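K.L.:
Dropping a structure here in structure tokens format, bear with me for questions.
What follows is calculated from the coordinates using simple rules that are stated; it is not laboratory data. Predicted model, so just to flag it, every value in this text is computed and none were measured. All Cβ positions, even for glycine, are placed from backbone atoms using ideal geometry, and neighbour counts span all protein chains on display.
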Amino acid sequence: MKTQRNKHSYIEWLSAEEMHAASIQWMSELKFARDEQLFLNDLVKSYTLQLVDSEVFDESKKIIVAILKAEREVVVLMKKVQSHENLLEIMVNDVDELKMEKAYTETHWELTSEIKKYLAEYRKLKSRLFKLVSNVMKKQKQKRLLN
């Protein structure tokens, strides 16, 4: 691994194999998040009546809007990763294209940061939804016990 001084920090130069492996990992994580979002949508649908209750409506609305935004973002990120993976040839074509290789590596690090940020925000969103649904379920159970 080589490092080169960037105007902001050091960029770690990974091998083409390492960047390929990272791209495969990203795509796997993003596909899982996309599939998981189907489950989250079903969860929201299952508790729609409870989630529109005036006590939790504002939080429900914020979370549902955030889920929709996350669904759009995951598709955009998947397209970026696929495009990045398609350009990997720049790194392995035996042609010295230093500017293009540097740009590819910089894009790789930008994607690393973007995907980490997305997944961290997505985890927070899931936690908020699960907490909300859990509270709704507890409230529903208490009502049943009182009746």
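K.L.:
Just want the ordering: His108, His20, His84, from fewest to most Cβ atoms lying within 10 Å of their own Cβ.
P.N.:
Numbers: His108 22, His20 15, His84 19.
Final ranking by Cβ density, sparse to dense: His20, His84, His108.
K.L.:
Given the rule -39500 (n - 2.57) for each run of at least 4 DSSP H residues, summed and divided by the residues of the chain, what is its mean residue ellipticity at 222 nm, to the nearest 500 deg cm²/dmol? Present the calculation step by step, with values, prior to reporting the outcome.
P.N.:
Numbers: 5 runs with 118 residues, N = 147.
When only DSSP H runs of four or more count, the value is -28500 deg cm²/dmol.
K.L.:
Ordered by packing density, taken as the mean number of other Cβ atoms within 10 Å over each peptide's residues, highest first, how do 34-42, 72-80 rank?
P.N.:
Values: 34-42: 13.6, 72-80: 15.2.
Ranked by mean Cβ neighbours within 10 Å, highest first: 72-80, 34-42.
K.L.:
Can you quote the Å³ per residue value for the convex hull of the Cα atoms in the chain, rounded to an integer?
P.N.:
Numbers: hull volume 18.1 nm³, N = 147.
So the per-residue Cα hull volume is 123 Å³.
K.L.:
Here's another thing I want to ask about it. Once the dipole of the chain is set up with Lys and Arg at +1 and Asp and Glu at -1 on Cβ about the Cα centre, which of Val136, Leu119, Val65 lies farthest towards its positive end?
P.N.:
Val136
K.L.:
Springs between alpha-carbon atoms under 10 Å, Gaussian network over the chain: tell me which of Ala22, Ala33, Ala103 tops the mean-square fluctuations.
P.N.:
Of the options given, Ala103 has the highest mean-square fluctuation.
K.L.:
Then there's this: Determine the principal axes of the Cα atoms in the stretch 15-71, then give the extent along each, sorted from largest to smallest and rounded to whole angstroms.
P.N.:
54, 18, 12
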